[in-house]
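Here is the structure we will look at.
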Amino acid sequence: MDDGPLLTIEDLRVRYRTPKGVVDAVRGVSFTLGRERLGIVGESGSGKTQTGRAILGLIPRNGEVRARRMAFRDVDLLNASERTMRRIRGDHISMVMQDPKYSLNPVITVGKQIEEAFLVHTRAGRREARERTLEMLAAVRIRNPERVYRAWPHEMSGGMGQRIMIAMMMIPNPEVIIADEPTSALDVTVRMQVLAILDDMVGERGMGLMMISHDLNLVASFCDRVIIMYGGQIMETLDARDLGRSSHGYTRGLMRCLPGIDRDAETLPVLQRDPAWLAEQGPGRD
Amino acid sequence: MSIANAAGRPRAAARIVGGVGFTLLLTFIGLTAVTFVIGRVMPADPVLAVVGDRAPQDVYDLVYRQMGLDRPLYEQYWRYLEQLSRGDLGTSIMTARPVLDDLIRFFPATLELATIATVLGVFLGIPMGVLAAVRQGQWPDHVVRVLGLIGYSMPIFWLGMVALLVFYANLDWVGGPGRIDVFHDGIVEPVTGLILVDAALAGEWEIFDNAVSHLILPSLVLATFALAYIARMTRSFMLDQLNQEYVLTARVKGVSEPAVIWRHAFRNVLVQLITIIGLTYASLLEGSVLTETVFSWPGIGQYITTSLFNGDMPAVLGGTIVVGVCFVGINMFSDLLYRLVDPRARA
């Protein structure tokens, strides 16, 4: 087994042609992902979701993806055919989306949806797929897999839905999982359970996890490394435990805006943005 | 978390059927009340229509009493309901035959036409709409949209006449007006009233072919409307569904694009389309007077219109009731089908 990075991204750019003009969503992002937990933090519109979708080749038709290099192991994702991409999606790189209320198909039963993720990548028969699905449901700590297998998505709560989503994305056993705000739509009480499940599965299977979030605290406690994004660019990359000691103005600004239980603040400070952060840093930067 | 357990499902089904039955009853009462009131409010005097305007006063009074018009209104309505429940729609003044017998003759012609037009509209319109949505903004989309606009806004009588002129009068590819050529008329025993079915049952394939050649033009003309509408709605429903998150989920799983479209998005489109198809079918059954007139098609639209011009109220009301029942029936059916396809509507 090789120890090289799972994902290599160099100078990734995503731009959209809209009726109102060209929008640069991602502007020169570079990073690598190994068998680790990598957090990507940023405000809305900082380009973190677009980065995740560009890796999977799922940018809408009016979008344009360019990069010096974008590879999964040795596979060039930039010039891969749709066939190759389909084989990579789900089987090697998968994604857990934000809100199970919208990301599960309302007219297909839970079991069939999970099974499908398995069946598109194997020659397995229905019975094996069913067994694997029930196993996965049990693995995400669903107490009654048989019942949930037959249930419809609208009969599930948010926490259940997200566990189903995780089961569905893990069933082909991918090497990389992109979690795009996996807990934002959940209650605080359920959030920790779902994260624990995700954490266990990633640990047990030795996957690379790309955790996209706007929650600094969550990322700091959950991830090994953190990338801070702003305006489609990477502000800085640092170890999660060094987050509090960051020297970058943007990161420090974000940290200051967090309410703390030990701080007695009447009003939270408003982030002061420095236009210099948006200046194109150009390729070749580490 | 609430999971409808297996034991609860038959009970839920019974509740749905019960609910639909109740709605049906209410609708039917409303329908009969409205037709009844129309029949009484219309300025056409039903007695005069029977006795003629030269009849002496005592004859007029006699018929007036015979028709029960001297009784209070609620009693008349009750009698009307009684007659209806016996299948008695009254006697047509124009044909002097029971309205029901007339309708049994005229309605199958419309049923045949409307069914074929709807089937054509569904089987051509849905793929066209899906194609347009999937290739949004590209040439297939533009073609479908322009065709849809033309089909939707084309005056149907003009289209019918041009079609007759070109394909019947000039090219002689198809049969002309009417359901069948005169020398084939009355040979096949009417069992269902649908000439295609009757001819097939009797094994008269020459008559079957002839009927088909007569059906082609009117059903195509009628289908343009159904097709344009269904294609347009399919396109917009599909565009809406393709932007949903679950479609992205399916793509993330590595599902192929045709499966994303048909297995994932289209099932959700179908839920919405059922209502649209039902309404289209019902509106075509209602009698497409213009098409039936242009093609001399002896359907219910022509029957009701002719009766109306002759002040034949029993015929008009009887026809209205039949059309109303069809409308309610189709709506009920699409409602049930909708619940079958959409698990969320079953709860």
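The values are calculated or read from the model by the stated rules, or taken from the named source; none is laboratory data. Remember, predicted model here, so these are calculated numbers, not experimental data. Note: ideal-geometry Cβ built from the backbone for every residue, glycine included; neighbour counts use all protein chains shown.
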- Message: Checking the conditions here, which among B:V260, B:V255 is in contact with a helix residue (DSSP H, G or I) (Cβ under 8 Å, 6 or more places away or on another chain), crowded, with 21+ Cβ neighbours inside 10 Å, free of Cβ contacts under 8 Å to residues at least 24 places away in the same chain and within 14 Å of chain A (Cβ to nearest Cβ)?
- Response: B:V255
- Item | Enumeration of residues in the stretch A:134-148 that are touching a residue at least 12 places away in the same chain (Cβ under 8 Å), within 11 Å of chain B (Cβ to nearest Cβ) and crowded, with 16+ Cβ neighbours inside 10 Å | A:I142, A:V148
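When you look at B:G151, is it farther than 27 Å from B:L215 by Cβ and not polar (S, T, N, Q), yes or no?
no
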- Query: Of all residues in the stretch A:14-31, which are over 18 Å from the mean Cα position of the chain (by Cα) and assigned to a strand (DSSP E or B)?
  - Reply: A:R15, A:Y16, A:R17, A:T18, A:G21, A:V22, A:V23, A:D24, A:R27, A:G28
- Would you be able to say whether some residue in the stretch B:196-206 is surrounded by fewer than 20 Cβ atoms within 10 Å (Cβ to Cβ), closer than 21 Å to B:L273 by Cβ and either modelled with pLDDT of 90 or more or under 21 Å from the mean Cα position of the chain (by Cα) (or both)? no
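Can you find a residue that is under 20 Å from the mean Cα position of the chain (by Cα), crowded, with 24+ Cβ neighbours inside 10 Å and under 21 Å from B:F28 (Cβ atoms) anywhere in the stretch B:283-292?
Keep residues of the stretch B:283-292 that are under 20 Å from the mean Cα position of the chain (by Cα), which gives B:283-292.
Now drop any that are not crowded, with 24+ Cβ neighbours inside 10 Å, which leaves B:284-285, B:287-288, B:291-292.
Those still in the list that are under 21 Å from B:F28 (Cβ atoms) too: B:285, B:287.
Checked the stretch B:283-292: at least one residue is under 20 Å from the mean Cα position of the chain (by Cα), crowded, with 24+ Cβ neighbours inside 10 Å and under 21 Å from B:F28 (Cβ atoms).
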- Message: Tell me yes or no: at least one residue of the stretch A:154-164 is in contact with a His (Cβ under 7 Å, 6 or more places away or on another chain) and not in a helix (DSSP H, G or I).
- Response: no
- Task: Could you tell me whether the stretch A:116-133 includes any residue that is free of Cβ contacts under 8 Å to residues at least 40 places away in the same chain, within 12 Å of chain B (Cβ to nearest Cβ), surrounded by 17 or more Cβ atoms within 10 Å (Cβ to Cβ) and more than 24 Å from the chain's Cα centre (by Cα)?
- Result: no
- Task: Of all residues in the stretch A:76-133, count the ones that are of a type in the set (A, V, I, L, M), farther than 13 Å from B:Y246 by Cβ and assigned to a loop (DSSP other than H, G, I, E, B).
- Result: 5
- Note on the structure: B:L81 fails exactly one of (1) surrounded by fewer than 18 Cβ atoms within 10 Å (Cβ to Cβ); (2) closer than 21 Å to B:A282 by Cβ; (3) in contact (Cβ under 8 Å) with a residue 40 or more places away in the chain, namely (2)
- Restrict the check to the stretch A:45-52 and report whether at least one residue is farther than 22 Å from A:L198 by Cα, part of a loop (DSSP other than H, G, I, E, B), of a type in the set (S, T, Y) and without any contact (Cβ under 8 Å) to a residue 60 or more places away in the chain. no
- Item | So A:P106, is it closer than 24 Å to A:V194 by Cβ and either more than 11 Å from chain B (Cβ to nearest Cβ) or in contact with a Gly (Cβ under 8 Å, 6 or more places away or on another chain) (or both) | no
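The rows are residues; the columns are (1) more than 20 Å from A:T32 (Cβ to Cβ); (2) part of a strand (DSSP E or B).
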{"position": "A:M229", "(1), (2)": "no, yes"}
{"position": "A:L238", "(1), (2)": "no, yes"}
{"position": "A:D242", "(1), (2)": "no, no"}
{"position": "A:G253", "(1), (2)": "yes, no"}
{"position": "A:T267", "(1), (2)": "yes, no"}
{"position": "A:V270", "(1), (2)": "yes, no"}
{"position": "A:W277", "(1), (2)": "yes, no"}
- Which listed residue is under 27 Å from A:S184 (Cα atoms) and within 14 Å of chain B (Cβ to nearest Cβ), from A:G57, A:G42, A:G47: A:G57
- Query: Of everything in the stretch B:110-125 that's surrounded by fewer than 22 Cβ atoms within 10 Å (Cβ to Cβ) and not aromatic (F, W, Y), which residue is nearest to B:G318 (Cα to Cα)?
  - Reply: B:L111
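Within the stretch B:116-159, track down each residue that is of a type in the set (V, I, T) and under 23 Å from B:V271 (Cβ atoms). Outline the logic, then answer.
Restricting attention to the stretch B:116-159, the residues satisfying the condition of being of a type in the set (V, I, T) are B:116, B:118-119, B:122, B:126, B:130, B:134, B:143-144, B:146, B:150, B:156.
Hits for the stretch B:116-159 are B:T118, B:V119, B:V122, B:I126, B:V130, B:V134, B:V144.
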- By residue number, the members of the stretch B:48-75 that are part of a helix (DSSP H, G or I) and either in contact (Cβ under 8 Å) with a residue 40 or more places away in the chain or acidic (D, E) (or both) are B:A49, B:V50, B:D58, B:D61, B:E75
- Could you please find all residues in the stretch B:218-232 being in contact with a Gly (Cβ under 8 Å, 6 or more places away or on another chain) and either within 18 Å of B:L111 (Cβ to Cβ) or polar (S, T, N, Q) (or both)? B:P218, B:V221, B:A223, B:T224, B:F225, B:A226
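What is the residue count in the stretch A:226-246 for residues that are without any contact (Cβ under 8 Å) to a residue 40 or more places away in the chain and crowded, with 21+ Cβ neighbours inside 10 Å?
Adding up the residues that qualify gives 1.
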- Subset of the stretch A:180-211 (residues that are touching a residue at least 40 places away in the same chain (Cβ under 8 Å), among the aliphatic types (A, V, I, L, M) and more than 12 Å from every other protein chain (Cβ to nearest Cβ)): A:I197, A:L198, A:M201, A:V202, A:M207, A:L209, A:M210, A:M211
- the stretch B:307-347 - residue that is surrounded by fewer than 17 Cβ atoms within 10 Å (Cβ to Cβ) and closer than 14 Å to B:S92 by Cβ and, of those, nearest to the other protein chains (Cβ to nearest Cβ): B:L308
